[in-house]
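Visitor: Please see the structure below; I have some questions.
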Amino acid sequence: MKTIQDTIGDMKHKVQHAEARTELKTAAQLQKEFAKQQASMVAVLGRQQKELQQVQQELEEMRRKHSSEGGFPWGMLLIAGGAYALYRTNPSVRQTVQDLLKRVNPGIEGNLTRAGDAVAGMAQGDKPGTALRAAGGELKRAGEKAVDSAEDKLK
């Protein structure tokens, strides 16, 4: 005959087993959802790649056409004007451009921005070791630039 302690022990084992199964099922579902999101992202990137190739071809055709004619590049002027107007009137475009410029900035601010991007990459699935090495390298370069700047000011 089972004692109450044996029954409680059996129930405890059953609950632990059920928890383990639930965790496995949840992990599998999360992996499937992540795979779906990645597939969707790959499809979007593929479409964007095709669009970029079309734009490159059109620009190449425009370049060939205008270089042989020797005329003023009115099309490029219109594109530049439209881009500037979009930058001036659309805050999200302006913010995107400013964020991109921060990443390209060769100064200390650019290094710090790229270090933050490397650390944020871990949340997007990058390997922690790689991300931390990249962040460390950017922080090291930022420190070197700060020291160089301080030395220049002292001289």
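Visitor: Determine the per residue accessible area of the chain with all protein chains present and a 1.4 angstrom probe, expressed in square angstrom.
Guide: That works out to 84 Å² per residue.
Visitor: Excluding residues fewer than 8 places away in the same chain, name every one of the aspartates and glutamates whose C-alpha is closer than 12 Å to that of LYS2.
Guide: Cross-link targets: ASP10.
Visitor: Ok, one more. Accessible area of the chain with a 1.4 Å probe: how many percent of it is carbon plus sulfur? Please list the in-between numbers first.
Guide: Numbers: 7940 of 13010 Å².
Solvent-exposed carbon and sulfur of the chain make up 61 percent of the total.
Visitor: For a quick size check, give me the Cα extents of segment 15-155 along its three principal axes, largest first, whole Å.
Guide: 79, 54, 29
Visitor: Report the charge-dipole magnitude of the chain in Debye, nearest 20, computed about the Cα centre from +1 at each Lys and Arg Cβ and -1 at each Asp and Glu Cβ.
Guide: Details: 24 positive and 19 negative charges, 46 e Å.
Computed charge dipole of the chain: roughly 220 debye.
Visitor: List, in order, the whole-Hz ³J(HN,Hα) value for each residue of segment 6-13 obtained from phi through the Karplus relation with A = 6.51, B = -1.76, C = 1.60 and θ = phi - 60°; use x for Gly and Pro.
Guide: Those phi angles translate into 5, 5, 5, x, 4, 5, 4, 5 Hz.
Visitor: Here's something else I'd like to know. Compute the relative contact order of the chain as a whole-number percentage, counting only Cα pairs closer than 8 Å that sit 6 or more residues apart in sequence.
Guide: On the way: 50 pairs, mean separation 18.6, N = 155.
Relative contact order of the chain: 12 percent.
Visitor: If you fit an axis through the alpha-carbon atoms of helix 74-89 and take the longest principal axis of the Cα set of the chain, what angle between them do you get, 0 to 90°, nearest 10?
Guide: Value to nearest ten degrees: 50.
Visitor: Straight-line reach from LYS145: which lysines have a Cα under 20 Å away, not including same-chain ones fewer than 8 places off?
Guide: LYS102, LYS153, LYS155
Visitor: Under 21 Å Cα to Cα from LYS127, which lysines show up? Leave out anything in the same chain fewer than 8 places away.
Guide: LYS32, LYS36, LYS140
Visitor: Applying the Karplus parametrisation 6.51 cos²θ - 1.76 cosθ + 1.60 with θ = phi - 60° to the phi angles of segment 127-135, what ³J(HN,Hα) value in whole Hz is obtained for each residue in order, glycine and proline being reported as x?
Guide: The phi angles translate into 5, x, x, 5, 5, 5, 5, 5, 4 Hz.
Visitor: Which net charge results when you count Lys and Arg as +1 and Asp and Glu as -1 among the other residues whose beta-carbon is under 13 Å from that of GLU144? Intermediate results must be reported in sequence, preceding the final value.
Guide: On the way: positive: LYS140, ARG141, LYS145; negative: GLU138, ASP148, GLU151, ASP152.
The answer is -1.
The values are calculated or read from the model by the stated rules, or taken from the named source; none is laboratory data. As the structure is a prediction and not an experimental result, all values here were calculated from the model. Positions of Cβ are backbone-derived with ideal geometry, glycine not excepted, and every protein chain shown enters the neighbour counts. These area figures cover heavy atoms from the full protein model, side chains too; ligands, DNA and RNA do not enter into them. Shrake-Rupley method; radii C 1.70, N 1.55, O 1.52, S 1.80 Å.
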